[in-house]
Amino acid sequence: MMYAQRFIAAGALVGALVFSMAVSAIDVQEVKTRDGITAYLAQDDSNPIIAFSFEFRGGSSIDPADKLGLSAMAAGLLDEGAGDLDSFAFQSTLQDKAIRLSFSANTDSFSGSVTTIKANADEAFRLMALALSAPRFDEEPVERIRRQILVSLARSAENPGRIARDTMFAEIFPDHPYGRPSNGTPETIQSITADDLASYTAQRFAKDRLIVGVAGDITPRQLRRRLDEVFVHLPDAIDTEWRVPDTAVTYVGTVVVDKAVPQSTVYMAQPGLARTDPDWYTALVADYILGGGSFASRLMDEVREKRGLAYGVNTSLVPYESAPFMIASVGTRNESVAESIAVIRDEWRKFQADGPTADELEGAKLYITGSWPLRFTSSGRIASTLVAVQRDDLGLDFLDRRNDYIDSITLEDVRRVAGSLYKPDELSVIVVGQPVGVENSGG
């Protein structure tokens, strides 16, 4: 395992050397308009490209219970006609001008982005402004997107991975919005009307919950004008609460969903760490070592390399606003499920008790810092990162400081965090399949 760690870390370091000059040259500026809209800008005139990303706080988790999937459906329709342009005209203009415009709904936020060459910026920002201020929600695109969502839901209903994920959320977040299907159900999708969609933008989009990140060939002065153009029609504030109540991750023991498939899908979950926690970066390193580092992780070594139980196994930190948690996932033959769960839980316990070795920490830090510059290989990725930097209140100089946080982490830090964060006896287990020797146990 240590050879794999060092090999991967060395590769990341080579990549870092290639891109380090570009990252160090990213100068982030704060741009404010008279109306109080704030954006982070990474100006770069080396290519005539502008990438504009934004986010409104509040996502699918605040959809009404009888209209689940409303955020997802709105995201699919905002670029399907706006103002005096029907769906065909709107989409044709995007294609003719090589403008990439997209929207997406997440659990805690609603996002949008536009990428354009500078020569077509006027049209790109005009279309984005229209999509936000005057979406049409005509019958044809509404019914077309509705059918697409219904087909996707039908496929998901037969997909073991999706079943496991949805079951996990429903079980660990009972009676809470996080436990509901974010993409809706066939019944709720059928109930959504054009009026619901028209009300969505008025009830969700406002300047007081807006975050903007921009990268590319645009000056601060030009950006101020664009911000006013795109968001001028937004109210300063709205009464709708964008956060859902804080909640705890519920322990549910083992839950088995019977499905006649040769391989089971397994999710394991426990309480996690908020993105704003002072130990976040230490937890990030710990997660990489245990299961987030792919072939460099302990779990991959124990589950795949030593025992051949599964092709892959991984872990991740999930910093939801109102209930952060951690997950592990694995797909394996029905006959190997019980052993796979036992191995993961045992490694979880060992990691809690002893933490990592010095070599594991060295390899993790080298990879995490070395791969950081590879995130900034396009204007779009830089713009979206600048949104995240503001969302988490990390500061203008975060891109430069981030690796310092990782480098400063000591072995004692990781062992301390591992001892308090990892809780093998609080790991809820969700299995979809017909696992041999694994039964429902309840919380």
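Selection within region 78-137: residues that are of a type in the set (Phe, Trp, Tyr) and in contact with a Leu (Cβ under 6 Å, 6 or more places away or on another chain). The member of this set that is farthest from Tyr320 (Cα to Cα) is Phe137. Are any residues in region 224-273 surrounded by fewer than 16 Cβ atoms within 10 Å (Cβ to Cβ) and of a type in the set (Gly, Ala, Ser), and if so, which ones? The answer is Ala237, Ala248, Gly253, Ala260. In summary, helices (runs of 4 or more DSSP H) completely within region 370-443 and bearing 2 or more residues that are within 30 Å of Arg162 (Cα to Cα) occur at 379-391, 411-421.
May I ask you to say which residue of Thr115, Thr93 is of a type in the set (Ser, Thr, Tyr) and surrounded by fewer than 21 Cβ atoms within 10 Å (Cβ to Cβ)?
Values: Thr115 fails: surrounded by fewer than 21 Cβ atoms within 10 Å (Cβ to Cβ).
Of the residues listed, the single one that is of a type in the set (Ser, Thr, Tyr) and surrounded by fewer than 21 Cβ atoms within 10 Å (Cβ to Cβ) is Thr93.
Listed by first and then second residue, the pairs with beta-carbon distance under 7 Å, at least 6 apart or on different chains, first residue in region 391-418 and of a type in the set (Lys, Arg), second surrounded by 14 or more Cβ atoms within 10 Å (Cβ to Cβ), are Arg391/Glu55; Arg391/Ile211; Arg402/Trp372; Arg415/Gly355.
Inspect all residues belonging to region 144-151 and state whether any of them is in contact with a Phe, Trp or Tyr (Cβ under 9 Å, 6 or more places away or on another chain), within 30 Å of Lys259 (Cα to Cα) and among the basic types (Lys, Arg).
no
Looking only at residues of region 274-291 that are over 17 Å from the mean Cα position of the chain (by Cα) and within 22 Å of Thr247 (Cα to Cα), we find that the one that is surrounded by the fewest Cβ atoms within 10 Å (Cβ to Cβ) is Pro278. Sub-6 Å Cβ pairs linking a first residue in region 149-173 that is free of Cβ contacts under 8 Å to residues at least 40 places away in the same chain to a second residue that is part of a loop (DSSP other than H, G, I, E, B), at least 6 apart or interchain, are Asp166/Pro181, ordered by first then second residue.
Could you check, for region 51-60, whether at least one of its residues is acidic (Asp, Glu), buried (at least 24 other Cβ atoms within 10 Å of the Cβ), on the phi < 0 side of the Ramachandran plot and assigned by TED's automatic domain parsing to the domain that holds Lys207? Quick ask: steps written out before the conclusion?
So the first thing to find is which residues in region 51-60 are acidic (Asp, Glu), and the list is 55.
Subsequent filtering for residues that are buried (at least 24 other Cβ atoms within 10 Å of the Cβ) retains 55.
Pick out the ones that are also on the phi < 0 side of the Ramachandran plot and you get 55.
Filter again for assigned by TED's automatic domain parsing to the domain that holds Lys207, leaving 55.
Scanning region 51-60 turns up at least one residue that is acidic (Asp, Glu), buried (at least 24 other Cβ atoms within 10 Å of the Cβ), on the phi < 0 side of the Ramachandran plot and assigned by TED's automatic domain parsing to the domain that holds Lys207.
For region 259-291, residues that are more than 11 Å from Leu421 (Cβ to Cβ), in contact with a strand residue (DSSP E or B) (Cβ under 8 Å, 6 or more places away or on another chain) and of a type in the set (D, E, K, R) total 1.
Within the option set Phe110, Phe125, Phe90, being assigned by TED's automatic domain parsing to the domain that holds Thr201 and assigned to a strand (DSSP E or B) holds for one residue only, Phe110.
The values are calculated or read from the model by the stated rules, or taken from the named source; none is laboratory data. What you see is a predicted model, and the numbers here were worked out from it, not measured in a lab. Using ideal geometry, Cβ is built from the backbone for each residue, glycine included, and neighbour counts are taken over all protein chains shown.
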